Amino acid sequence: MMRIVAASSAAAATVAAGLLAVSLGFAQKMPWQTGDSADDSHQSVHFLYPEQVTVTAKKESVVDLHFKINPGMHINSHEPREKSFIPTQLMVIEPPGLTIGPVEFPAGTDYALAAMPNDKLSVYTGEFVIHAHIHAAAGEHLLEGVLRYQACDTNSCYPPRKAPVAVDVIAK
């Protein structure tokens, strides 16, 4: 329980108004607290393509998911060298009739910060491709999910974000 002690009723009203504003701010989740994107312009990683693929029904197929990282940024690979670093992850929703098999991430690239040239990080920069193995029943399916990542520049790392991924899968 919080107790307010003030010298006058005007001061008490000011303190109460301030506490109310702060408590309302804590009650509302902001985009960086949820990992959701309020606006795509703040994304450091973007899903490029494919928007649609055609595969053979009931046979394993590989869908190559292409992503691009904004210039000047890097993201941790799916296997960062430091346990405390946040790995890049692909999280998908399997619709009925579509299963996701193994997902293959590229190897990370060595990267050293100017402040710590001897400590090599495992990161992605530029464009990269994730290979998703799928099995699909005949018909149309929507493969959707998010790429969860933590982006950094040479000075700072930013809160984790989620880049949306959506691919129409047509199985014949």
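The values are calculated or read from the model by the stated rules, or taken from the named source; none is laboratory data. As the structure is a prediction and not an experimental result, all values here were calculated from the model. Every residue, glycine among them, receives a Cβ derived from its backbone with ideal geometry; neighbour counts consider all protein chains shown.
Which count do you get for residues in the range 115-146 that are more than 17 Å from L98 (Cβ to Cβ) and in a strand (DSSP E or B)?
Here is the first cut: in the range 115-146, the ones more than 17 Å from L98 (Cβ to Cβ) are 115-129.
From what is left, the residues that are in a strand (DSSP E or B) are 116-124, 127-129.
Qualifying residue count, the range 115-146: 12.
Here is a yes/no grid of residues against (1) aliphatic (A, V, I, L, M); (2) part of a loop (DSSP other than H, G, I, E, B); (3) at pLDDT 50 or above:
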| site | (1), (2), (3) |
| --- | --- |
| A21 | yes, no, no |
| L24 | yes, no, no |
| W32 | no, no, no |
| S37 | no, yes, no |
| F47 | no, no, yes |
| T54 | no, no, yes |
| K59 | no, yes, yes |
| V62 | yes, no, yes |
| F67 | no, no, yes |
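Can you tell me which condition G72 does not meet? The list is (1) in a loop (DSSP other than H, G, I, E, B); (2) under 17 Å from the mean Cα position of the chain (by Cα); (3) modelled with pLDDT of 90 or more, and all the others hold.
(2)
Would you check which residues across the range 158-167 are surrounded by 14 or more Cβ atoms within 10 Å (Cβ to Cβ) and either assigned to a loop (DSSP other than H, G, I, E, B) or not assigned by TED's automatic domain parsing to the domain that holds G101 (or both) and list them?
Y158, P160
If H133 passes every condition in (1) out of contact with any Gly (no Cβ under 6 Å at 6 or more places or on another chain); (2) more than 18 Å from E51 (Cβ to Cβ) but one, which one does it miss?
So the condition that H133 fails would be (1).
Answer yes or no: is there a residue in the range 84-103 that is over 22 Å from Y49 (Cβ atoms), modelled with pLDDT under 95 and surrounded by fewer than 19 Cβ atoms within 10 Å (Cβ to Cβ).
Yes, that holds for at least one residue.
Which residue, of V103, V123, is among the β-branched types (V, I, T), in the same structural domain as Q43 (by TED's automatic domain parsing) and touching a Leu at 6+ places or on another chain (Cβ under 7 Å)? Full working, then the answer.
On the way: V123 fails: touching a Leu at 6+ places or on another chain (Cβ under 7 Å).
After applying the criteria, what remains is V103.
Got a number for residues in the range 147-157 being part of a strand (DSSP E or B) and either closer than 11 Å to A171 by Cα or not hydrophobic (A, V, I, L, M, F, W, C) (or both)? Working first, answer last.
Kept after step one, since they are part of a strand (DSSP E or B), are these residues of the range 147-157: 147-149, 151-152, 157.
Cutting the leftovers down to either closer than 11 Å to A171 by Cα or not hydrophobic (A, V, I, L, M, F, W, C) (or both) gives us 148-149.
Qualifying residue count, the range 147-157: 2.
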